[in-house]
Amino acid sequence: MTEPAKPGHQIIHDYLKTLDHSPGVYRMLDDQSRVLYVGKARHLRNRVSNYARPTGHSRRIERMISETRSMMFLTTRTETEALLLEQNLIKQLKPKYNVLLRDDKSFPNILVTDHGFPMIKKHRGAKRERGQYYGPFASGGAVNRVLSQLQKGFQLRNCTDSVFETRTRPCLQYQIKRCSAPCVGKISEAEYRTSVRDAQRFLSGKSTKIQEELAAEMMKASDEMEFERAAALRDRIRALTQVQTAQGINPQSVEEADIIALHLEKGRACVQVFFIRANQNWGNRDFYPRVGEDVSASEVMEAFMGQFYDQKEPARQILLSHGIEDDDLMSAALSAKLGRKVELIVPQRGIKAELVEGAARNARESLARKMSETATQAKLLRGLAEAFDLDAPPQRIEVYDNSHIQGAHAVGAMIVAGPEGFMKNQYRKFNIKGEELTPGDDFGMMKEVLSRRLKRLLKDDPDRNNGLWPDLLLIDGGAGQISAVAEIMREHGVDDLPFVGVAKGVDRNAGKEEFHRTGQHAFALRHNDPVLYFVQRLRDEAHRFAIGTHRAKRAKNTMANPLDEISGVGAARKRALLAHFGSAKAVSRANLADLRAVDGISESLAERVYAHFHEKG
C-alpha cells in the first residue's frame, strides 16, 4: 500500500534541517520538476520556514505551496549576489508564480563618433564603438526626432565613414541644409568641431545657454547685414526649440533620474519608466509585467527593477512610486553595476514627487487602455473559436506566409498573436533552403517552413507543457496549401493542431476571403463580421513581416561584395582594392602582378585574392 503524498508545506518543512542562515536562492519545483517559483533570501532557513506554515498565506502562495514537490538551493557569498542570481534565474526559467517582465528590449542612444569630422547617429546595443554616448532614449522614434532637429540645427553628418571618405561632391543632405558637407570641404574642421561641441552641449543639458549665444550671434549678423548667416542661425534656434517642445517636461532641478511608477488593478500591472538625462525628458515607455491577483506593489516593483536593469545602465537617482523591501540590496547591486552610487527614492513632496505622480497617472491610463484592448481581443478570440469550431478560444495563433520574386531570395515568415495582441518577440523568419524546390513553388516552401517548425516544437516541447505549441495555424492560401500542410502534419505524427487556409476569394478582394479546412467545403464570414476583420489584420501582419524579411534578404544579397569572402581582406584592404581597380569585378579579372601593385596588399594576400577568383569549382 503506497503512502499518501505529503502536502506541499510538509515537503518544504523537511528541507529545513539541511539549511543554515546563509544567503542564497531557492527554487520550488512541481511533480515534473518544472520550476514554479524562484526566490532570494538573506537567510535561507528563515525564509523557507515561512512557506512551511500550513496557513497564513495568500491564495497565490497557497497554490504554489500545494503544487511544490521538491526544492533546489544555491548559497551565495553575499546577499547582493543572491539578488542578482534570483533575477537571472527568473529571466531564464520564467517560473509560473514569479512576477515576469516580458518586454526586455534595449534602449537606443545617440552616439557622436570619435573622428576628425564626427558623425552623429542612433546606436543600440553594446557600447563598443569609440565616441560619446547620450541616452538612453525611450524609443527609436524619440531618438529620430531629436536627431532630425539636431541635424537641422547643427548640420552634422550622418553618413558612414566609408561613404564620407569616398564622396567627391555634396549629397542631398547638404542641398536640404541638414549637413554642412565636411566630406568635400564646404566647412573647415575647426568650424565643424564648433558645431559638434554645441550639439554635445545641447545633449548635456546646456540648451538655454546655447540658444542665448545663438540669438546674440544672429543679432550681430543681422546688424552687419549678413542676412544669410542670420537666417541660418534663426533656423538653428527654431530646431533646438522644437526639440525641447517635443520633450515636454524638462525639470531643471533633476539632472539625471529614472522615474518608475506602478499601477496595479485586478491582477494586472503597468509600469511606466521615464528617462531624465541632462535635465531633459528623453521619453517614456510602458511595461506590462505578468503578475498574480494578490501580488503586492512592493514585490512587483522589486522584481521589475531587478529584471529591467539586468542589461541596462541605471541613472544615479531612481524615483519610485512604491518602496521595495530590500532597497539596500537593490541599491548596492545597481551601484556596483554603474560604478558609482545609485539612490532609490520614494519622494513625498516637491518636483520629484510631481514627476512620480505624473508617471503614475500615465501608468493608470495606459493600463486602462490595455485592459480595454484585451477585453476586445478576448471577444475576438471567442468569435474565432466559434467560426472555426475550436474547443476553446486560442491562446496562441501562428500565421504563416511566404515571400519571393520569381523564387529568388525566398523566405518564410511566422507571426504570433494571443490574448495580449501581437507577440512580436515570438515572430520567426525562415530562409528557404530546399535546393530541389522549383523557383516559386509556394507549396514546397510552405512544407519546408512547417516541417522545420514542427521539428523544433517536437524537440523543444515534446510534452506541450511550455506554451510553445499553437492552438491554431492560419495559412495564407487555399485548398492546395491546406493539403500540403495536412501532409506535413501526418509525416510528423501531429494530428490535433487545427489549421485553416485563408484564400483571397472572388476577385482577390479583401472582404471576400474564403476559409479552407481539411475535409470541408470552403466557407466565408459575413463581410461586416469583426472576426473577419481580425483575420485580415493577422494575415496582413504576416504579409508585412514576410515582405520586410524578403526585402532585407534581397538588399543584403544585392550589397554583398565577393571581396568580403576572402580571408585577410578587411575594410581598409577592400577600399584599397576598389580604389585601385574600380570594382570587385575588375579585381576578379586582375593578374597577380597588378594585385601585388596595390598599396597594402602583400604578396601572399595577392595570391590569396587571385586564387579566390581563379581556382573555384
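Give me the distance in nm between label points sitting 7 Å out from Cα along the Cα-to-Cβ direction at C159 and T55, one decimal.
7.9 nm
Among the lysines, select those whose C-alpha is under 18 Å from the C-alpha of K512, and discard any that sit fewer than 8 residues away in the same chain.
Reachable lysines: K504.
Would you list, by chain and number, the aspartates and glutamates whose Cα falls below 18 Å from the Cα of K455, excluding same-chain residues fewer than 8 positions away?
Result set, ordered by chain and number: E398, D463, D471, E487, E491, D495, D496.
Give, in nm to one decimal, the length gained when the segment between A586 and R396 is fully stretched (0.36 nm per residue of separation minus the Cα-Cα distance).
Values: separation 190, 0.36 × 190 = 68.40 nm, distance 5.28 nm.
Full extension of this stretch gives 63.1 nm more.
How large is ³J(HN,Hα), in whole Hz, for each residue of the range 112-119 in order, when computed from phi with the Karplus curve 6.51 cos²θ - 1.76 cosθ + 1.60 and θ = phi - 60°, using x for Gly and Pro?
9, 6, 8, 7, x, 10, x, 9
Lys/Arg Cβ at +1, Asp/Glu Cβ at -1, dipole of the range 159-207 taken about the Cα centre: which of C183, S204, F164 is farthest positive-ward?
S204
So what is the 222 nm mean residue ellipticity for the chain from helices alone, if each DSSP H run of at least 4 adds -39500 (n - 2.57) and you divide by all residues, rounding to the nearest 500 deg cm²/dmol? Walk me through the numbers before you get to the answer.
Values: 20 runs with 276 residues, N = 617.
-14500 deg cm²/dmol, from helical runs alone.
List the residues, sorted by chain then number, that are 5 or more residues from C179 or on another chain and whose placed amide H is less than 5 Å from its amide H.
Y174
Give a residue-ordered list of calculated ³J(HN,Hα) values for the range 164-171 (Karplus: 6.51 cos²θ - 1.76 cosθ + 1.60, θ = phi - 60°; whole Hz; x for Gly, Pro).
Ordered by residue, 3J(HN,Hα) equals 4, 6, 10, 5, 10, 8, x, 8 Hz.
What are the ³J(HN,Hα) values, in whole Hz, obtained from phi via the Karplus relation 6.51 cos²θ - 1.76 cosθ + 1.60 with θ = phi - 60°, for each residue of the range 152-160 in sequence order, with x given for Gly and Pro?
Karplus-based 3J(HN,Hα) across the range 152-160 equals 5, x, 10, 6, 8, 6, 10, 8, 6 Hz.
Taking the Cα centre of the chain as origin, work out the dipole magnitude from +1 charges on Lys and Arg Cβ and -1 charges on Asp and Glu Cβ, in debye rounded to 20. List each step's numbers first, then the result.
Details: 94 positive and 80 negative charges, 223 e Å.
About 1080 debye.
Can you pull the percent of Cα pairs in the range 257-369 with separation above 19 Å? Show your work: numbers first, answer last.
On the way: 2612 of 6328 pairs.
Distances greater than 19 Å cover 41 percent of the Cα pairs.
Which links in K105/K424; K127/K312; K122/K186 stretch past 18 Å when you go from one Cα to the other?
On the way: K105/K424 11 Å; K127/K312 11 Å; K122/K186 24 Å.
Over 18 Å apart, Cα to Cα: K122/K186.
Taking a ≥ b ≥ c as the square roots of the eigenvalues of the Cα gyration tensor of the chain, is the shape rounded (a/c under 1.5), prolate (a/b larger than b/c) or oblate?
Working: a/c = 1.70, a/b = 1.19, b/c = 1.43.
In terms of gyration-tensor shape, oblate.
Figure the gain on full extension for D328 and S188 (residue separation times 0.36 nm, minus the Cα-Cα span) and round it to one decimal in nm. Could the numbers behind the result be given before it?
On the way: separation 140, 0.36 × 140 = 50.40 nm, distance 5.23 nm.
Additional length available on full extension: 45.2 nm.
Among P118, H9, A230, pick out the residue whose Cα is farthest towards the positive end of the charge dipole of the chain, where Lys and Arg carry +1 and Asp and Glu carry -1 on C-beta, about the Cα centre.
The residue sitting farthest along the positive end of the dipole is A230.
Which of the listed residues, S33, N46, M72, is farthest toward the dipole's positive end in the range 8-93, when Lys, Arg count +1 and Asp, Glu count -1 at the beta-carbon?
Looking along the dipole axis, the top candidate is N46.
No value in this document is a laboratory result; all are computed from the given coordinates. Computed from a predicted structure; not experimentally measured. Glycine also receives a Cβ, built like all others from the backbone with ideal geometry; neighbour counts cover every protein chain displayed.
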